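Visitor: Input: one structure, supplied below.
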Amino acid sequence: MELIDQSLGQLARRIPGATRLFDAHRLDFCCGGNKTLRAAAEAAGVDAAPLIAQLQELEGRADTSGERDWQDATAPELVQHILARYHAVHREQLPELIRLARKVEQVHGERADCPHGLAEHLSAMAQELESHMRKEEDVLFPMIVRGQGPMAGAPINVMRMEHDDHGVALRAVEEMTNGISTPSGACTTWRALYTGLRTFREDLMAHIHTENNILFERFAPAVVH
């Protein structure tokens, strides 16, 4: 099958570096991973030809990142990786981001480029994400570890829908922060907030990608369109 007719999720799983390329072109490989490259590029108004050339170049390179290919991991190994690399990390990231956002809003609220409402939005995200992760930890992941993944289609579909909601919430963060772009004259706290937000965004997108396109795909394959 030609690259253009493969889904973003398939390409992200198979080609090291594809996720960074898709993110640079604003192609949603985590929540929209079931779209073909053709459909995603057309919807985003992106010329697919240069993308395909870059993907072919990435495909031809050896992966020298030293990072494990989680596509080859067992389901229990993937679950443990997700818990340690993403669930635990988000629980550390969000309280500090909320604290920094509150401080920036309190001190710089008179500036037009101040991210008004960001602290409240991040607090809501933290609550939704905690609820989501608890469902995985209490229900879905134990099923998968027990070898009951093939019977977990219903909870997996719920988690995928909630991932879509997290994607919408991330886009709102970007809108509030001018693409998480630090404005001129920003204080140290403001710069630290946006640096942390960029890391959180990357981590959450990688988290959703790992679940949707690698773990969940084994038990409830998404329909490509």
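The values are calculated or read from the model by the stated rules, or taken from the named source; none is laboratory data. Keep in mind the model is a prediction, meaning the values are calculated, not measured. With ideal geometry, Cβ positions are generated from the backbone for all residues, glycine too; neighbour counts draw on all protein chains shown.
Visitor: Has region 40-48 got at least one residue that is part of a helix (DSSP H, G or I) and under 29 Å from Leu140 (Cβ atoms)? Quick ask: steps written out before the conclusion?
Guide: In the first step, residues of region 40-48 are kept if they are part of a helix (DSSP H, G or I); the result is 40-44, 48.
Checking which are under 29 Å from Leu140 (Cβ atoms) leaves us with 40.
Yes, region 40-48 contains a residue that is part of a helix (DSSP H, G or I) and under 29 Å from Leu140 (Cβ atoms).
Visitor: Moving on to the next point. Quick one: which residue in Ile180, Ile208, Ile156 is crowded, with 17+ Cβ neighbours inside 10 Å, more than 23 Å from Glu92 (Cβ to Cβ) and not basic (Lys, Arg)? Lay out the reasoning, then the answer.
Guide: Numbers: Ile180 fails: more than 23 Å from Glu92 (Cβ to Cβ); Ile208 fails: more than 23 Å from Glu92 (Cβ to Cβ).
Only one candidate passes the filter, namely Ile156.
Visitor: Name the one entry in Glu136, Glu96 that is within 23 Å of the chain's Cα centre (by Cα), among the acidic types (Asp, Glu), at pLDDT 95 or above and crowded, with 18+ Cβ neighbours inside 10 Å.
Guide: Glu136
For every residue, the table says whether it meets (1) within 18 Å of the chain's Cα centre (by Cα); (2) among the polar types (S, T, N, Q).
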site: Phe22; (1), (2): yes, no
site: His25; (1), (2): yes, no
site: Ala49; (1), (2): no, no
site: Gln56; (1), (2): no, yes
site: His87; (1), (2): yes, no
site: His90; (1), (2): yes, no
site: Arg102; (1), (2): no, no
site: Glu110; (1), (2): no, no
site: Ala119; (1), (2): no, no
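Visitor: Okay, next question. Among Glu110, Glu120, Glu92, which is among the charged types (D, E, K, R), without any contact (Cβ under 8 Å) to a residue 40 or more places away in the chain, closer than 30 Å to Phe219 by Cβ and in the same structural domain as Asp164 (by TED's automatic domain parsing)?
Guide: Of Glu110, Glu120, Glu92, the one residue that is among the charged types (D, E, K, R), without any contact (Cβ under 8 Å) to a residue 40 or more places away in the chain, closer than 30 Å to Phe219 by Cβ and in the same structural domain as Asp164 (by TED's automatic domain parsing) is Glu92.
Visitor: Can you go through Ala154, Ala172, Ala101 and tell me which one is outside any loop (DSSP other than H, G, I, E, B), in contact with a His (Cβ under 7 Å, 6 or more places away or on another chain) and small (Gly, Ala, Ser)?
Guide: So the residue among Ala154, Ala172, Ala101 that is outside any loop (DSSP other than H, G, I, E, B), in contact with a His (Cβ under 7 Å, 6 or more places away or on another chain) and small (Gly, Ala, Ser) is Ala172.
Visitor: To continue, here is another question. If you take the residues in region 189-205 that are hydroxyl-bearing (Ser, Thr, Tyr) and either surrounded by 15 or more Cβ atoms within 10 Å (Cβ to Cβ) or over 21 Å from Val168 (Cβ atoms) (or both), which one is farthest from the chain's Cα centre (by Cα)? First the steps, then the outcome.
Guide: Restricting attention to region 189-205, the residues satisfying the condition of being hydroxyl-bearing (Ser, Thr, Tyr) are 189, 194-195, 199.
Now narrow it down to the ones that are either surrounded by 15 or more Cβ atoms within 10 Å (Cβ to Cβ) or over 21 Å from Val168 (Cβ atoms) (or both): 189, 194-195.
Numbers: Thr189: 25, Tyr194: 17, Thr195: 16 Å.
Filtering region 189-205 for residues that are hydroxyl-bearing (Ser, Thr, Tyr) and either surrounded by 15 or more Cβ atoms within 10 Å (Cβ to Cβ) or over 21 Å from Val168 (Cβ atoms) (or both), the one farthest from the chain's Cα centre (by Cα) comes out as Thr189.
Visitor: Note down all Cβ pairs under 8 Å where the first residue falls in region 211-225 and is small (Gly, Ala, Ser), the second is part of a loop (DSSP other than H, G, I, E, B) and modelled with pLDDT of 95 or more, and they're at least six residues apart or on different chains.
Guide: Within 8 Å, the pairs are Ala220/Ala152.
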